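K.L.:
Before I ask anything, let me first share the structure, which is written out below as structure tokens.
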Amino acid sequence: MREIVRRDHQSRAICFESFIKLIKDFKKVNFIIKLHPSEDHQFYQKSISEKLSVSDRERVRIIVQEYIWDILNASDLELKRSCTTGIGSWILGKPTIEMKLNPNEWYYSEEHASGSDIAESYDSLANIIKYYLGGGEIKKEQQKTRMHFIKKWCYRVDGKATHRMVEHLNSLLNKKGKKNRKKINQTIKNRIIYYCLQIGDHWLHDAKVYGLKNLLQNGYIDKFGEKINTLIKKTFINGN
């Protein structure tokens with residue numbers, strides 16, 4: 001487990017160093033870093049503050065809370081590292097780049113990566129970005145690969161995937177001798193936790209992730225002190 005963590009931290013460092021270089025090299029491009037809500041964003045904030053000039057920092061934002069579909073819709077191109085957000089970009093017809101910059105990468109799915117252009121060096125990454133920002137189109141073979149992946153893993157794009165997943169899990173439990181089960185049983189403790197989170201709109205989770213001060217001020221603040229909702233104009237990579 002320690003080795004996995006070490007290699008993942010190594011990949012994060014390598015990819016983010018390349019990201020910093022991209023910001024410096026692509027002066028007319030705006031960037032957004034979309035973090036997982038529970039991820040520690042201090043690493044990214046510190047790197048941006050220390051390694052970028054004031055003018056370069058104006059073209060990059062760290063987003064924590066905003067819903068991913070809003071960001072994808074406003075993006076021209078997504079850079080990712082085996083992230084399922086890439087599937088959302090495929091559904092929207094957006095180009096994606098798999099950042100396989102660490103030769104010792106462990107967090108990698110060849111099947112998933114096949115729907116993206118794969119960058120194994122900084123020069124490769126920069127050239128792919130130039131291709132798409134210059135009007136390049138997604139290759140037809142890659143589009144077929146994406147559709148095959150979506151059909152296999154998502155079945156169909158109709159907004160009911162979660163419902164189907166729960167029903168399937170429930171049927172698996174029923175096959176293990178639990179007859180006539182129409183709903184997945186929950187303990188009283190789990191039900192209480194669920195309803196408390198539902199009523200409080202996950203208030204405890206948000207307080208932990210964004211900080212009690214920001215929550216009380218009704219501001220999910222990005223790391224440059226501006227409210228997130230004012231930032232969603234240009235995202236991941238936008239060359240306009």
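K.L.:
Calculate the all-directions average of the projected area of region 41-165's alpha-carbon convex hull, and give it in nm².
P.N.:
The orientation-averaged projected area of the Cα hull of region 41-165 comes to 9.5 nm².
K.L.:
Moving on. Looking at the square roots a ≥ b ≥ c of the eigenvalues of the Cα gyration tensor of region 31-94, which shape do they give, rounded for a/c under 1.5, prolate if a/b is larger than b/c, or oblate?
P.N.:
It comes out prolate by the Cα gyration axes.
K.L.:
Let me spell out the model: positive unit charges on the Cβ of Lys and Arg, negative unit charges on the Cβ of Asp and Glu, origin at the Cα centre of region 59-182. What dipole size does that give, in debye rounded to 20?
P.N.:
That gives a dipole near 1080 debye.
K.L.:
Let me ask another. Give me the Kirkwood hydrodynamic radius of region 1-60, using the inverse of the mean 1/r over all pairs of distinct Cα atoms, in Å to one decimal.
P.N.:
Kirkwood radius, region 1-60: 12.6 Å.
K.L.:
Cα-Cα over 25 Å: which of 51/130; 160/189; 189/213?
P.N.:
From 51/130; 160/189; 189/213, over 25 Å: 160/189; 189/213.
K.L.:
To continue, here is another question. Taking 7 Å along the Cα-to-C-beta vector as the label spot, tell me the residue 144-residue 28 distance in nanometres, rounded to one decimal.
P.N.:
Output for this residue pair reads 3.6 nm.
Any read-out appearing in this document is the output of simple, stated calculations on the displayed coordinates, not a laboratory observation. The shown structure was predicted, so the numbers you read here are calculated from the model rather than taken from an experiment. Cβ coordinates were reconstructed from backbone atoms using ideal geometry, including for glycine residues, and neighbour counts include every protein chain displayed.
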